[in-house]
Every structure is written in C-alpha cells, then in structure tokens.
Amino acid sequence: MLEVVRARIRLKHYSIRTERAYLGWIRRYIIFHGKRHPRDMGKQELEAFLSALAVERNVSAATQRQALSALLFLYRDVLELPFP
C-alpha cells in the first residue's frame, strides 16, 4: 500500500521531503494499530494515534499537524474515503 501512496504523492508533484514525511507517518499509523488496513479504521483509531503522539511521545503541535496532514492525504487522495 505504501507504494500506492508514493505513486499518488509523485503524481501530485509533492516534494521528496513531503513524500518521506507522509510515508513515515502513514507507516507509524498502521504499525500503531497492529498493521490493520486504514480502510478498516475510523475516527477512534485516528484520535487514538494523534493523542498518543501528544501524550506519550510529547510531540509538538506542528508535528501533530504534519501527521494529521499525512493521514488526511491517505484517506482523501489514496483511499478516496471520507476523512474520519
């Protein structure tokens, strides 16, 4: 699936740094939820991941927004699903 994400990012001419960042966040999101497919996850899983970033990993608001942007891209542009 990450190859599909990479192809869609390149189709949209995003920078290589954005590609790496988005792929990293999407990979971490999937691993965080036991390698479940994002199509099988929803609002609860998204909120749990973003909350864990803030609470357990103590990331900044900007980092949390970057993760959110990556997941927004995944759901809207790759999976073509409404964002949870």
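The values are calculated or read from the model by the stated rules, or taken from the named source; none is laboratory data. Everything quoted here is computed from the prediction, not taken from an experiment. All Cβ positions, glycine included, derive from the backbone under ideal geometry; neighbour counts span all protein chains shown. Ligands, DNA and RNA are stripped out before the accessible areas are found, and what is left, the full protein with its side chains, is counted by its heavy atoms. Shrake-Rupley method; radii C 1.70, N 1.55, O 1.52, S 1.80 Å.
For the stretch 12-82, a simple Cβ point-charge model (Lys and Arg +1, Asp and Glu -1, everything else neutral) yields a dipole of about 200 debye relative to the Cα centre. Principal-axis analysis of the Cα atoms of the chain puts helix 2-11 at an angle of about 60° to the longest axis. For the chain, averaging the sequence separation of C-alpha pairs within contact (under 8 Å, six or more residues apart) and dividing by the residue count gives a relative contact order of 35 percent. Counting every pair of alpha carbons in the chain, the share spaced more than 23 Å apart comes to 16 percent.
Compared with the dominant principal axis of the Cα atoms in the chain, helix 43-55 is inclined by about 70°.
Rolling a 1.4 angstrom probe over the protein heavy atoms with all chains in place gives the chain an accessible area of 63 Å² per residue.
When the Cα positions of Q44, L74, H13 are compared along the charge dipole of the chain, H13 comes out farthest toward the positive end, with charges on each C-beta of Lys, Arg, Asp and Glu.
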